[in-house]
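Written out below as structure tokens is the structure these notes cover.
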Amino acid sequence: SRPSRLTTLTTRPRHRSEPQSRKSPDSPGRFTWLTQDAYDRLKEELEHLSGPARTELAKRIESAREEGDLKENAGYHAAKEEQGKQELRIRQLRHLLENARVGEAQVDASGAIVPGMVVTVDLAGDDVTFLLGSREGAGDSDLDVYSERSPLGAAIVGQKPGAEVSYTAPNGRKIPVKIKAAKPYTG
């Protein structure tokens, strides 16, 4: 199952009590733009998973352990597997929140495309509009999302509307792309 989709990338100031990103806005590195609402929901999910949900799962594991032989105890193994998935999600959320920027994506002064922008391109004669960024960035919208590390994303980052570029698809074909428009994602 897919993690819940969240609304991200609209302007709203960060609360003073929230952790600041370790990277300055001008430093290179990986970060995700989040709206305050998305940040708050992810933080709430983290608090639930690392608090009440973790306690409940520990009780289920202990209860299953008391049933006897662990080698053939399906309830125990299912709970341990769920615990592993839950701990992974906790680590993912911590990393995401530690590396999040809350507010609207900063537009490059030169007009170049950066993560957090909605981009429209002509791709094989069809107009395709997508968010350049992460799934968390798309929120509840129906926008497709392309990572800035994907072949298409990497080809357009730093480019401006009107530019014609190409990228190599996974099958090895060169695919031409004309960038038609780019604007900050506002949710």
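The values are calculated or read from the model by the stated rules, or taken from the named source; none is laboratory data. Just so it is clear, the structure is predicted and the values come from calculations on it, not from any experiment. Cβ atoms come from the backbone with ideal geometry, glycine included; neighbour counts cover every protein chain shown.
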Counting only residues in the stretch 164-176 that are modelled with pLDDT under 95 and of a type in the set (A, V, I, L, M, F, W, C), the one farthest from ASP126 (Cα to Cα) is identified as ALA169
>> VAL121 - would you say it is buried (at least 17 other Cβ atoms within 10 Å of the Cβ) and either touching a Cys at 6+ places or on another chain (Cβ under 8 Å) or modelled with pLDDT under 90 (or both)?
In response: no
The residue that is surrounded by the most Cβ atoms within 10 Å (Cβ to Cβ), considering only those in the stretch 30-61 that are in contact with a helix residue (DSSP H, G or I) (Cβ under 8 Å, 6 or more places away or on another chain) and not in a helix (DSSP H, G or I), is LEU34
Worksheet entry | Hey, ARG135 modelled with pLDDT under 90 and not acidic (Asp, Glu) or not | yes
Within the stretch 55-101, the residues that are small (Gly, Ala, Ser) and within 30 Å of ARG135 (Cβ to Cβ) are ALA58, ALA78, ALA79, GLY84, ALA100
Taking the stretch 64-85 and the residues there that are within 30 Å of LYS43 (Cβ to Cβ) and loosely packed, with under 15 Cβ neighbours inside 10 Å, the one that is modelled with the lowest pLDDT would be ALA78
Pairing a residue in the stretch 170-187 that is at positive phi with any residue that is at pLDDT below 95, where Cβ atoms lie under 8 Å and the two sit 6 or more apart in sequence or on different chains, gives GLY187/THR7; GLY187/THR8; GLY187/LEU9; GLY187/THR10; GLY187/THR35; GLY187/GLY139; GLY187/SER141
- Message: Based on this model, can you work out whether LYS160 counts as at pLDDT below 95, outside any helix (DSSP H, G or I) and not β-branched (Val, Ile, Thr)?
- Response: yes
If we ask which residues in the stretch 72-100 are free of Cβ contacts under 8 Å to residues at least 24 places away in the same chain, part of a helix (DSSP H, G or I) and touching a helix residue (DSSP H, G or I) at 6+ places or on another chain (Cβ under 9 Å), their number turns out to be 8
